[in-house]
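Student: Structure below; questions to follow.
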Amino acid sequence: MGIKNFSFESIETYLQKSKYYIPDYQREYSWSKETEVDDFWKDLQTIILEKDREEHFLGQVVLNENDGKKYIIDGQQRTTTMIILLAVLRDFFMSCMRSLIFQMLKISMKI
């Protein structure tokens, strides 16, 4: 089987494009904080510190489409870690927004 499609995509495009599945034969999530997650975090810090950088290659993802489902063959650990990070950021910002709205309501009620 050869490569059918090759492209570079943003994380946003990749995650919104489809629902992905992990084949049963793939290993469970196994990144440890001391090794892979630390490398991933340092990579993200580098991206943020280099403010003039517009793009960064986070690694390859290999997909296989079977029975109308897209399976992640390679890159499931990176994908899972990115989704966890985005969920944490979402929850953090939602909490900040709720706190800000609450503070604004308290101030407006005192007026």
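The values are calculated or read from the model by the stated rules, or taken from the named source; none is laboratory data. What you are looking at is a predicted structure, and each value in this text was computed from that prediction instead of being measured. Don't worry about glycine lacking a Cβ; one is built from the backbone with ideal geometry, like all the others, and counts go over all protein chains shown. In case anyone asks, the SASA skips ligands and DNA or RNA and just uses the protein heavy atoms, side chains included. Shrake-Rupley method; radii C 1.70, N 1.55, O 1.52, S 1.80 Å.
Student: Can you name the condition, by its number, that Leu86 falls short on among (1) out of contact with any Leu (no Cβ under 9 Å at 6 or more places or on another chain); (2) open to solvent by 60 Å² or more (accessible area, probe 1.4 Å)?
Tutor: (1)
Student: Filtering region 13-32 down to residues that are free of Cβ contacts under 8 Å to residues at least 40 places away in the same chain and in contact with a helix residue (DSSP H, G or I) (Cβ under 9 Å, 6 or more places away or on another chain), which residue is nearest to Leu86 (Cα to Cα)?
Tutor: Checked region 13-32; the qualifying residue nearest to Leu86 (Cα to Cα) is Ser32.
Student: For Glu9, which of the numbered conditions (1) assigned to a helix (DSSP H, G or I); (2) in contact with a Lys or Arg (Cβ under 9 Å, 6 or more places away or on another chain); (3) of a type outside the set (A, V, I, L, M) fails to hold?
Tutor: Glu9 satisfies all of (1) assigned to a helix (DSSP H, G or I); (2) in contact with a Lys or Arg (Cβ under 9 Å, 6 or more places away or on another chain); (3) of a type outside the set (A, V, I, L, M) except (1).
Student: Residues Asp91, Asp67, Asp39: which one is open to solvent by 70 Å² or more (accessible area, probe 1.4 Å), at pLDDT 85 or above and either on the phi > 0 side of the Ramachandran plot or in contact with a Pro (Cβ under 6 Å, 6 or more places away or on another chain) (or both)?
Tutor: Numbers: Asp91 fails: either on the phi > 0 side of the Ramachandran plot or in contact with a Pro (Cβ under 6 Å, 6 or more places away or on another chain) (or both); Asp39 fails: either on the phi > 0 side of the Ramachandran plot or in contact with a Pro (Cβ under 6 Å, 6 or more places away or on another chain) (or both).
Result: Asp67 is the single residue among Asp91, Asp67, Asp39 that is open to solvent by 70 Å² or more (accessible area, probe 1.4 Å), at pLDDT 85 or above and either on the phi > 0 side of the Ramachandran plot or in contact with a Pro (Cβ under 6 Å, 6 or more places away or on another chain) (or both).
Student: Can we say Leu58 is part of a helix (DSSP H, G or I) and touching a helix residue (DSSP H, G or I) at 6+ places or on another chain (Cβ under 9 Å)?
Tutor: So Leu58 does not fit the description; no.
Student: Can you find a residue in region 96-108 that is open to solvent by less than 60 Å² (accessible area, probe 1.4 Å), within 20 Å of the chain's Cα centre (by Cα) and within 24 Å of Glu12 (Cβ to Cβ)?
Tutor: Within region 96-108, none of the residues are open to solvent by less than 60 Å² (accessible area, probe 1.4 Å), within 20 Å of the chain's Cα centre (by Cα) and within 24 Å of Glu12 (Cβ to Cβ).
Student: Now, a different point. Check Trp41 against each of (1) more than 14 Å from Gln77 (Cα to Cα); (2) out of contact with any Asp or Glu (no Cβ under 9 Å at 6 or more places or on another chain) and name the one condition it does not meet.
Tutor: So Trp41 meets the others, but not (1).
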